[in-house]
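Comments concern the structure below.
Throughout, read-outs are computed from the coordinates displayed, never taken from laboratory work. All values reported here derive from a predicted model rather than from experimental measurement. FYI the Cβ positions are ideal-geometry reconstructions off the backbone, even for glycines, and counts take in every protein chain you see.
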Amino acid sequence: MRRYLLTFAVLAALALPAMSAAHSRGANDGTLSVRDGRGTITIAGRGAVIGGFAQGRVTINDPVEGDGSGPIVTGDEWSKDRDATTTTWGGTRVRFRIIGGAFRIVVKARGINLSLVGKGNVTLRGAGTGDDGTYSVNGEAYSPIPDFPFPFVLSATSP
């Protein structure tokens with residue numbers, strides 16, 4: 001597990017300069033951080049996401065071609081195109097990112113580590129294990145991921 005977290009930290013450190021270059025943070029952008037999550041995370045928004053998980057799947061819809069980097073996924077063991085703009089990837093130790101533009105992401109997995117800078121609608125839902133990881137919005141203290149659907153709008157003014 002430490003090895004996975006170290007790998008994720010290194011990838012995140014390498015991606016941060018690219019994220020800042022590709023997406024200058026707007027005045028109303030918020031941040032979301034998820035640590036060791038288990039369950040389902042849904043994001044419909046604009047901005048930049050970098051993440052990974054220990055085991056599970058991620059579905060990314062990139063509806064506007066050319067408005068950002070497009071989805072970049074590594075470590076997947078399988079993938080399936082849902083339609084012209086939506087693909088699902090799955091496996092173990094999968095990493096993903098999408099930088100710039102609009103997107104919809106659904107991560108259903110365990111061991112989810114994710115960072116988002118942008119704005120949009122987010123729903124967190126833990127798996128109900130009693131230890132479904134933690135999340136932080138706009139740099140606030142980390143809170144446990146609830147085991148029921150917890151929707152909120154992410155922006156700079158999100159609580």
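Observations
- Contour excess over end-to-end distance, with Cα ends at residue 64 and residue 131 and 0.36 nm allotted per residue: 20.5 nm
- Cα gyration tensor shape for region 40-118, rounded if a/c is under 1.5, else prolate or oblate: oblate
- Estimated distance in nm for a label pair at residue 158 and residue 78, the labels positioned 7 Å out from Cα along Cα-to-Cβ: 3.1
- Each of residue 138 and residue 35 was given a label point 7 Å from its Cα along the Cα-to-Cβ line. The distance between the two points is 2.1 nm.
- Relative to the current alpha-carbon distance between residue 147 and residue 121, full extension at 0.36 nm per residue lengthens the span by 7.6 nm.
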